[in-house]
Amino acid sequence: MLTQTQQFPPRYEHRLDLSICTLTIERPGNDPLVLTPKGEAALIGRLTQFPPRGDLYQLKAPVEFVDPAKPDDIAAVLQKFPAKVGGL
């Protein structure tokens with residue numbers, strides 16, 4: 001979702017929803033562990049132009065991951081995930 005947060009100079013907040021993503025942990029000798037986000041998972045970019053051109057995006061908040069078969073047990077937490085979006 002793209003939201004204009006300021007008219008002049010133009011500023012935007014771009015939200016990338018990660019809640020549909022999975023986290024796969026390879027385990028030699030075992031099947032991989034596939035985890036899903038327990039709650040909200042989003043990357044947020046604060047932009048001066050759109051589309052982004054190498055802008056830095058950050059997690060909105062740490063993301064808790066669970067095994068879908070055990071949704072009450074947190075298996076992993078992603079604390080940081082800085083990502084550049086757009087550009088070459």
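Computed quantities for the displayed model
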item	result
Residues located in region 59-88, provided they are in contact with a strand residue (DSSP E or B) (Cβ under 9 Å, 6 or more places away or on another chain) and outside any strand (DSSP E or B)	K60, A61, P62, P68, Q79, K80, F81, P82, G87, L88
Residue list for region 22-58, restricted to those being under 18 Å from A69 (Cβ atoms) and either assigned to a loop (DSSP other than H, G, I, E, B) or of a type outside the set (A, V, I, L, M) (or both)	T22, T24, R27, N30, D31, P32, T36, P37, K38, G39
Residue in region 58-65 that is surrounded by 14 or more Cβ atoms within 10 Å (Cβ to Cβ), more than 22 Å from P10 (Cβ to Cβ), of a type in the set (D, E) and at pLDDT 95 or above present	yes
Candidates L33, L16, L47, filtered to the one that is surrounded by 14 or more Cβ atoms within 10 Å (Cβ to Cβ) and in contact with a Leu (Cβ under 6 Å, 6 or more places away or on another chain)	L16
Test: residue in region 75-88 that is in contact (Cβ under 8 Å) with a residue 24 or more places away in the chain and touching a Ser or Thr at 6+ places or on another chain (Cβ under 9 Å)	no
Residue that is over 12 Å from the mean Cα position of the chain (by Cα), within 24 Å of L2 (Cα to Cα) and of a type in the set (A, V, I, L, M), where the choices are L35, L47, L59	L47
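The values are calculated or read from the model by the stated rules, or taken from the named source; none is laboratory data. All figures in this text were calculated on a predicted structure; none of them were measured in a lab. Note that each Cβ is placed from the backbone with ideal geometry, even for glycine, and that neighbours are counted across all protein chains shown.
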